[in-house]
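The values are calculated or read from the model by the stated rules, or taken from the named source; none is laboratory data. Just so you know, these numbers come straight off a predicted model, no measurement behind them. Reconstructed Cβ throughout: ideal geometry from the backbone, glycine too, with neighbour counts over all protein chains shown. Areas reflect the complete protein model, heavy atoms only, side chains present, ligands, DNA and RNA absent. Shrake-Rupley method; radii C 1.70, N 1.55, O 1.52, S 1.80 Å.
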Amino acid sequence: MEHKLDLVALLGHVDPSYLGYQEWVNVGMALKYEGYTASDWDEWSRRDSGRYRPGECFKKWTTFEGTGNPVTGATITQMAKDNGWLPRSGFDHHELGWEDEISGSAGDYVVIDKNWIEGMEIHEPVDWNPVQQLTTYLSALFEASEQVGYVTDTWKNDEGKYLPTKGNWDRTAGELIQLLNQSGGDIGSVLGDYDPAAGAWIRFNPLDGKGVKNENVTEFRYALVESDTMDIEKQNAVMRELELPIAVMVYSGGKSLHAIVRVEAADYEEYRKRVDYLYNVCKRNGLSVDNQNRNPSRLSRMPGIERNGKKQFIVDTNIGKSTWAEWHEWIEGVNDDLPDPEGLTEFWNDMPKLSPPLIHGLLRQGHKMLMAGPSKAGKSFSLIELVIAIAEGIKWLAWQCERGKVLYVNLELDRASCLHRFKDVYTALDLPGQHIGNIDIWNLRGKSVPMDKLAPKLIRRAQKKNYIAVIIDPIYKVLTGDENSADQMAHFTNQFDKIATELGASVIYCHHHSKGSQGGKKSMDRASGSGVFARDPDALIDLVELELTESLLKQEENKAVCAVYDRLFRQFNTAYLEAHVSQDDLLSKAVMEEHAKRGLASQAAYVQTEIDKALESVRIRSAWRVEGTLREYPKFKPVNMWFQYPIHRVDEVGSLQDIEPEGEQPPYKKATGKRKEKAKEERRTKAEEFEDVVNNCNYGEPPTLNDVMAWYSSTGKEVAERTVRDWIKKFGYEIDRSIGFRIVKKEDGEVI
């Protein structure tokens with residue numbers, strides 16, 4: 001049966017482990033209704049290793065009797081769409097109906113158009129030599145020592161159709177070839193007589209001599225491609241145009257050609273995958289393959305035999321590509337969607353336009369940006385500030401943003417908290433919210449899925465929204481794979497490329513720092529996990545905390561308090577301010593306190609409340625340095641800022657410019673620290689050595705000074721009595737006169 005949609009291929013987009021029981025059953029019903037096999041359902045179900053039970057699909061299959069309201073292939077189509085599959089119509093913006101035919105496109109493995117293929121005739125051998133036909137077949141497919149399965153005995157079913165028995169499997173290819181060459185042309189004397197009305201069969205993979213089931217196959221070398229839905233000549237032409245790596249092609253004596261195709265699989269699992277791939281390519285190119293031929297122990301028509309008045313013969317050998325690997329690479333290469341190389345001279349005088357900036361000096365539209373930082377940095381608040389800056393077309397930190405629609409994908413906060421946070425940030429920024437219509441929020445806390453599943457869902461919802469930016473916060477909620485694995489993280493970050501490419505929007509996402517101090521690292525090395533995180537985005541913005549000194553905090557407190565006094569004088573006693581307070585006075589907390597005693601005495605309680613608020617706001621601040629690595633723009637100077645809940649403010653006056661990041665010290669301080677650490681380690685080593693001497697030099701009993709000196713002397717190291725006395729004091733020991741001037745550990749002794 002030829003399907004307008006390949007439902008098995010569509011199921012590649014549907015993970016059975018995410019489906020409920022009834023949804024899983026619906027897939028089976030739909031496959032049966034559309035003419036697929038229980039094996040198709042079973043093979044797909046195996047992907048759910050936790051719930052898969054061998055044989056369950058086949059038992060359930062027999063119970064699907066059909067109803068007046070059947071489950072059809074449309075169910076599977078919708079499941080595939082829900083999981084990111086886009087029909088061809090997705091590119092020309094009209095809905096694809098179930099009866100619409102899908103034509104090939106890049107990535108669909110379409111190599112030929114069967115409607116334009118001219119048939120290629122097959123020719124029966126002029127000199128009919130059955131022995132030569134069969135020995136050629138055996139020599140092409142088998143080693144001499146490999147055992148071959150074949151069938152000459154048949155039986156009739158109720159419909160009068162000839163069917164093969166299990167046949168024979170006890171002789172090697174070498175034995176059969178020798179006997180056939182000695183048979184005088186009588187194949188029946190070697191294989192047994194066959195019924196000319198039925199023909200005979202042979203298995204194309206070698207067996208172990210114990211049976212003819214899949215488990216008896218010793219080499220998963222070949223697969224059978226057979227189709228009886230088009231003319232023989234067309235079959236021949238299509239198989240050749242597809243460059244299938246065919247070892248032997250046999251005419252069946254009926255309506256089909258039997259192509260024995262090299263798949264060269266290492267084991268049964270790989271065989272199944274390669275046969276699925278092979279059949280999928282054939283179907284997409286108009287060759288509807290019989291799915292019942294998937295098994296590696298399958299019988300095929302034996303050449304050199306007559307069947308119902310027609311000969312079963314070899315059409316050709318060694319057709320198409322020589323190996324599976326060569327064919328697979330060719331198919332993938334023909335169908336890639338990569339652009340062709342371009343000559344620079346073609347564009348030298350007419351360069352394409354660069355993508356317009358989204359964040360001036362930082363990021364272009366359609367490009368990717370990663371913000372990395374530790375906890376407490378307020379990364380989410382900073383991203384919300386960025387959302388607002390893009391929506392309003394204002395500055396974000398030190399950079400001007402273009403105005404446009406932006407989608408904020410919230411994976412961490414509950415819906416109410418997220419909405420309140422946006423309003424809190426708007427309020428703290430003192431913005432009226434003129435363009436809040438430019439902001440969409442997708443709240444996915446508790447509903448997020450892995451990024452490779454989320455990306456197509458996001459694209460589908462955002463395609464007609466004209467977003468210029470999509471912000472995903474944070475990515476650990478949708479991370480797939482091991483974040484320390486470069487190949488797995490490359491696959492993960494490729495999802496951001498898909499979003500950016502499909503929507504033409506910038507993708508901005510948030511990640512956390514690795515553990516430990518970050519100050520001494522380069523900005524691109526601070527993000528946790530694989531280096532892919534640092535190298536994939538077009539802009540990497542990194543936040544590192546600054547260590548605030550006591551003197552700086554005092555300065556900030558002084559400025560904050562002075563600002564409060566200035567504001568309150570302007571509110572309650574402008575005349576006093578103008579008459580008695582100089583510009584220098586406004587810079588001193590102590591001087592302004594004295595002025596307040598005279599000019600704001602009546603508001604003393606309120607003044608103190610405001611002063612306390614100002615001091616508290618300074619104490620809860622944290623200081624941060626923004627560094628970055630850019631692909632499209634020159635490197636920017638580090639930007640210092642304060643984070644004072646719920647917003648960040650750039651340090652415009654330069655208070656933070658000389659502060660070192662957390663964990664980073666100048667070289668001379670690092671050297672001093674190393675010397676101190678080394679000295680401390682040496683002291684600890686000498687203390688441990690002295691302890692060993694005291695404990696062992698007198699057979700475990702407390703030693704005298706002479707015992708200790710004698711011990712050192714025996715090792716070739718002469719130690720003076722004065723030195724030993726210094727060690728006794730330094731390493732927490734004393735000389736106990738009551739027991740004969742012996743050395744003992746002080747009860748409260750500490751190593752200095």
Notebook entry, point to check: Which net charge results when you count Lys and Arg as +1 and Asp and Glu as -1 among the other residues whose beta-carbon is under 12 Å from that of residue 653?
Noted result: -1
Note to self: With +1 on the Cβ of every Lys and Arg and -1 on the Cβ of every Asp and Glu, and nothing else charged, how large is the dipole of region 245-397 about its Cα centre, in debye rounded to the nearest 20?
What the structure shows: 720 debye
Check: Can you tell which of 164, 422, 8 lies farthest toward the positive end of the dipole of the chain, using +1 and -1 charges on the Cβ of basic and acidic side chains (Lys, Arg; Asp, Glu)?
Finding: 422
Checklist line | Shape call, region 323-454: gyration tensor on alpha carbons, a/c limit 1.5 | finding: oblate
Next item on the list: Output the pairs from 447/635; 321/457; 156/255; 353/379 with a Cα-Cα distance over 28 Å in this structure; if there are none, say none.
Entry: 447/635; 321/457; 353/379
Check: What are the trypsin sites (Lys or Arg not before Pro) within region 381-432 that DSSP puts in a loop, where the Cβ has at most 14 other Cβ atoms within 10 Å?
Finding: 403
Check: Which number comes out as Rg/Rh for region 387-496 once both Rg and the Kirkwood Rh are worked out on C-alpha atoms?
Finding: 1.00
Next item on the list: Among the trypsin sites (Lys or Arg not before Pro) in region 147-189, which ones are in a DSSP loop with at most 13 other Cβ atoms within 10 Å of the Cβ? Mind listing them?
Entry: 161, 166
Notebook entry, point to check: Using Cα-only point scatterers and the Debye equation, what is log10 of I(q)/I(0) for the chain at each q in 0.09, 0.10, 0.11 Å⁻¹, rounded to two decimals?
Noted result: -0.97, -1.08, -1.19
Item checked: the chain, dipole about Cα centre (Lys/Arg Cβ +1, Asp/Glu Cβ -1), debye to the nearest 20 -> 2440 debye
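First compute the accessible area of the chain with a 1.4 Å probe, then give the percent of it belonging to carbon and sulfur atoms.
Numbers: 18600 of 39530 Å².
Result for the chain: 47 percent of the exposed heavy-atom area is carbon or sulfur.
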Notebook entry, point to check: So how strong a dipole does region 367-455 carry about its Cα centre when Lys and Arg Cβ are +1 and Asp and Glu Cβ are -1, to the nearest 20 debye?
Noted result: 200 debye
Next item on the list: Using a 1.4 Å probe and ignoring any ligands, DNA or RNA, find the accessible area of residue 63 and quote it in Å² to the nearest 10.
Entry: 80 Å²
Checklist line | Neighbour-limited loop hits for trypsin sites (Lys or Arg not before Pro), region 313-381 (at most 12 other Cβ within 10 Å; DSSP other than H, G, I, E, B) | finding: 353, 376
Notebook entry, point to check: What accessible surface, in Å², does a 1.4 Å probe find on residue 635, ignoring ligands, DNA and RNA and rounding to the nearest 10?
Noted result: 150 Å²
Check: Taking only DSSP H segments of four or more residues, each worth -39500 (n - 2.57), what value at 222 nm results for the chain once the sum is divided by all its residues, to the nearest 500 deg cm²/dmol?
Finding: -11000 deg cm²/dmol
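For the chain, give the share of DSSP beta bridges that are antiparallel, in percent and rounded to the nearest 5; count only bridges with both residues there.
Around 70 percent of the beta bridges assigned by DSSP in the chain are antiparallel ones.
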Next item on the list: Specify the angular offset, from 0 to 90 degrees and rounded to the nearest 10, of the alpha carbon long axis of helix 486-503 from the longest principal axis of the alpha carbons in the chain.
Entry: 90 degrees
Checklist line | Probe 1.4 Å, accessible area per residue of the chain, Å² | finding: 53 Å²
Notebook entry, point to check: Relative contact order for the chain: what is it in percent, counting Cα pairs under 8 Å that are at least 6 residues apart?
Noted result: 9 percent
Next item on the list: Pop a pseudo-label 7 angstrom from the Cα along the beta-carbon direction at both residue 658 and residue 713 and give the gap in nm to one decimal.
Entry: 6.1 nm
Item checked: Signed unit charges on C-beta, dipole axis of the chain, positive-most listed residue 176, 66, 349 -> 349
Next item on the list: Would you work out which of 599, 720, 204 lies farthest towards the positive end of the dipole of the chain, given +1 charges on the beta-carbon of Lys and Arg and -1 on that of Asp and Glu, about the Cα centre?
Entry: 599
